[in-house]
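Student: Submitted below is the structure of interest, expressed as C-alpha cells.
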Amino acid sequence: MSFIIKLTLTEQNRVTDIIPNMDPAKQIPYLVIAGLLVLLVLIGISMMSKVKLAVKGNLLGSLSMAIAIGLTLWAFDIFSVVDIWIAMLIGALLGIILARKVTMLQMPQMVGLLNGFGGAASMIAGALTLINAGSEDPFSVITAGLAIYVGSLTFTGSVIAAGKLHQVFAQKPVIIKKHQLWTILSAVAGLAAVFLFLLPVYSSGFAKIALILICAVI
C-alpha cells in the first residue's frame with residue numbers, strides 16, 4: 001500500500017514538473033480533458049473531408065476548440081469563469097452576425113480573413129511571451145520569435161488574399177524585380193531577428209519592443 005502511495009506521489013510530482021505554473025489539483029484533469037479535446041478536434045477535421053458529415057465535423061471541431069480555450073484560461077488562472085463566459089458570449093455574438101451577413105459566395109475571402117486573424121493572434125501571443133520571457137529561457141524566446149515571424153506572414157498574406165477575392169485590392173499580380181532574391185533575404189533577416197532575441201541587449205526595454213516590431217514587419 002505504501003508503495004502505491006509513493007508511486008502516486010511520484011507521478012504527481014512529475015506532472016507538476018511538466019506544468020509548473022498550474023495548480024497541482026488541476027493538472028491531471030487538465031491533461032485528460034485536453035487529450036480528449038485534441039481527439040475530438042481531429043475527429044472533426046476528419047469528418048469535414050466527407051460532404052455529408054462536413055457540417056457536423058465543423059461544429060464538433062469548433063465546440064471542442066472553444067472548450068479547450070476556456071479550459072486553458074481557467075486552468076492557468078488567466079481569467080475568472082465569469083470573464084471566460086463574457087468573452088465567449090461576445091465571440092458567439094460576432095460569429096452569429098458574420099454568419100448572417102456573409103454569403104456562401106463570400107466564404108473563400110471569409111476563410112482567408114479568419115486565417116489572417118489566427119496569424120495575428122499567434123503574433124500577439126509571441127510578442128507577449130517575449131515581453132515576459134528573459135534570454136535565459138532560449139526555447140520560449142525562439143518559439144515566440146518564430147510565432148511573431150510566421151504569424152505576421154500569415155496575417156499579411158491572408159489579408160491580401162481575402163482583399164483580392166473580395167476585389168478590394170487590384171486583381172493584377174504585382175511582381176517585384178528579383179523577387180526571389182528579396183524573398184530569400186527577407187527570410188534570412190526574419191530568422192536572424194528571431195535569434196537576436198537571445199542576446200542580453202534585447203532582453204528588456206525599448207530594444208526588445210523595437211526588435212519585435214522589426215521581426216513582425218520583415
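The values are calculated or read from the model by the stated rules, or taken from the named source; none is laboratory data. Note that the structure is a prediction, hence the values are computed from the model and not measured. Heads up, the Cβs are rebuilt from the backbone with ideal geometry, glycines too, and the neighbour counts pull from every protein chain shown.
Student: Can you name the helices (runs of 4 or more DSSP H) wholly within the range 134-218 that have at least 2 residues being under 19 Å from the mean Cα position of the chain (by Cα) and at pLDDT 80 or above?
Tutor: Output list reads 138-165.
Student: Working carefully through the options GLY95, GLY35, GLY57, find the one that is assigned to a helix (DSSP H, G or I) and either under 27 Å from LEU146 (Cβ atoms) or of a type in the set (Ser, Thr, Tyr) (or both).
Tutor: Within the list GLY95, GLY35, GLY57, the selection yields GLY35.
Student: Something else now. It is to be established whether one or more residues within the range 159-170 are in the same structural domain as ILE214 (by TED's automatic domain parsing), out of contact with any Phe, Trp or Tyr (no Cβ under 6 Å at 6 or more places or on another chain) and within 25 Å of VAL194 (Cα to Cα).
Tutor: Checked against the condition, which is being in the same structural domain as ILE214 (by TED's automatic domain parsing), out of contact with any Phe, Trp or Tyr (no Cβ under 6 Å at 6 or more places or on another chain) and within 25 Å of VAL194 (Cα to Cα), the range 159-170 yields at least one hit.
Each row is one residue, and each column tells you yes or no for (1) surrounded by 12 or more Cβ atoms within 10 Å (Cβ to Cβ); (2) at pLDDT 90 or above; (3) in contact with a Ser or Thr (Cβ under 9 Å, 6 or more places away or on another chain).
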site	(1), (2), (3)
PHE3	no, no, no
THR8	no, no, no
MET22	yes, no, yes
ILE43	yes, yes, yes
ALA75	yes, no, no
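Student: Do the conditions hold for ASP83, that is, is it surrounded by 11 or more Cβ atoms within 10 Å (Cβ to Cβ), touching a residue at least 12 places away in the same chain (Cβ under 8 Å), in the same structural domain as GLN27 (by TED's automatic domain parsing) and of a type in the set (D, E, K, R)?
Tutor: Here the answer is no, as ASP83 does not meet what is asked.
Student: Where residues in the range 98-133 are at pLDDT 80 or above and not in a helix (DSSP H, G or I), which of them is farthest from ALA187 (Cα to Cα)?
Tutor: The residue in question is THR103.
Student: Let me ask something else. State the number of residues belonging to the range 141-181 that are within 22 Å of MET123 (Cα to Cα) and surrounded by fewer than 19 Cβ atoms within 10 Å (Cβ to Cβ).
Tutor: 10
Student: Can I ask one more? Does ALA120 count as in contact (Cβ under 8 Å) with a residue 24 or more places away in the chain, assigned by TED's automatic domain parsing to the domain that holds LEU199 and either small (Gly, Ala, Ser) or over 19 Å from THR154 (Cα atoms) (or both)?
Tutor: Criteria met by ALA120.
Student: Mind listing just one residue for me: the one in the range 86-117 that is closer than 18 Å to VAL159 by Cβ and polar (S, T, N, Q) and, of those, surrounded by the most Cβ atoms within 10 Å (Cβ to Cβ)?
Tutor: GLN109
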